[in-house]
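Working notes, beginning with the structure itself.
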């Protein structure tokens with residue numbers, strides 16, 4: 001998280017901390033949202049003691065913000081009211097002005113101004129959609145998406161989903177969702193537009209990394225229900241694929257680990273390719289199978305160092321005595337990177353494939369009074385040796401690219417190299 005610094009001749013003992021002011025600022029803005037919506041609703045019910053108009057509420061809150069920040073040369077609170085007035089006075093098509101959309105747009109812009117692609121403001125509709133996604137009940141295409149280099153991209157299509165069957169691949173740019181330009185679209189907005197009613201189509205305009213021409217892909221929304229762990233024994237090698245770190249993944253993996261011990265293979269290939277992540281604790285639980293109990297798995301660092309945490313390995317089924325290869329690619333993100341980074345630090349596995357996505361930060365979903373929310377970055381993850389994941393990813397010990405030509409010809413040089421490594425001394 002960025003550090004805040006300022007130069008001031010004002011004595012520090014008479015100056016309120018910046019974070020206290022900022023917290024009050026956010027609180028006032030959120031109260032303004034609730035009051036604004038409440039005022040619009042109540043105006044239709046009573047003429048006695050009529051509620052303040054939206055303009056009056058904005059003016060009142062603006063005055064409170066001026067009192068809070070005082071004469072701050074960097075913040076002109078009056079600008080908000082000025083812009084609001086200009087829109088309502090001078091915009092050509094006044095009948096199209098939606099005060100609610102304007103206000104939520106302002107809140108969205110405030111969070112976007114942090115410059116953090118993982119921090120977003122979610123209006124009530126987006127919040128409800130996001131919450132449903134956490135609960136696993138939604139209709140969509142089955143692809144994890146994110147923003148990278150200011151572009152909306154496919155992080156990973158999930159296995160056996162409409163997205164994978166339609167040919168979406170990690171790294172594909174999503175330029176349009178139906179006819180909506182994604183240039184300044186947050187990931188939350190993108191998810192909202194991609195999801196929809198069961199059986200309905202969504203059209204994505206895609207630009208692939210190896211192409212100069214865009215293409216439109218029509219995908220029919222389906223219920224997304226993906227098994228998070230699969231296992232097969234092939235050529236005396238245990239091949240475990242983890243597609244997501246869900247709430248049920250630990251139990252599924254424990255069962256698989258017991259099968260592996262019983263099968264006693266020559267080695268293990270742990271396939272984390274196109275795994276977009278999931279729950280931190282699930283990643284810690286699974287990583288523990290290769291570590292000693294209480295060894296650090298991941299370090300969580302905050303701007304306030306007193307909050308820093310170390311997540312340690314638990315007592316579980318041990319797979320440490322098996323030679324292990326971990327497969328990763330640019331679609332491996334978040335919890336996948338925690339696992340790969342930890343095993344690499346402890347030299348418990350050889351990492352094969354391509355540099356991972358680089359999603360190494362912690363977000364909290366903070367509910368607001370009007371059922372909207374903020375998903376905001378509060379911490380970052382470091383590997384046991386202190387390596388940064390955010391923006392860097394995990395670099396494999398052996399880098400091997402899987403090209404589009406390989407994919408189209410059902411060739412998997414990464415898997416083949418992993419199998420070779422199992423039998424090497």
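Laboratory data are not the source of any read-out in this text; all were calculated from the coordinates shown. Since we're looking at a predicted model, the values are computed, not measured. Note that each Cβ is placed from the backbone with ideal geometry, even for glycine, and that neighbours are counted across all protein chains shown.
Figures for the structure shown
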{"quantity": "Cα centroid of the range 181-244 to Cα centroid of the range 378-416, whole Å", "calculated": "18"}
{"quantity": "Cα-only Debye scattering, the range 124-223: base-10 log of I(q)/I(0) at q = 0.14 Å⁻¹", "calculated": "-0.47"}
{"quantity": "Rounded, prolate or oblate (a/c below 1.5 giving rounded, otherwise prolate when a/b exceeds b/c) for the range 282-351 by Cα gyration tensor", "calculated": "oblate"}
{"quantity": "Spatial separation of Cα centroids for the range 255-281 and the range 137-174, in angstrom", "calculated": "23"}
{"quantity": "Nitroxide proxy distance, nm - points 7 Å out along Cα→Cβ at residue 294 and residue 222", "calculated": "4.8"}
{"quantity": "Segments 335-347, 381-393 sorted - mean Cβ within 10 Å per residue, highest first", "calculated": "335-347, 381-393"}
{"quantity": "Sorted peptide list for 275-281, 300-306, criterion being average Cβ within 10 angstrom, highest first", "calculated": "275-281, 300-306"}
{"quantity": "The range 247-313: relative contact order as a whole-number percent, Cα under 8 Å and 6+ apart", "calculated": "27"}
{"quantity": "Over the range 229-422: Kirkwood hydrodynamic radius from C-alpha pairwise inverse distances, Å", "calculated": "17.1"}
{"quantity": "Per residue Cα convex hull volume in Å³ - calculated over the range 215-301", "calculated": "160"}
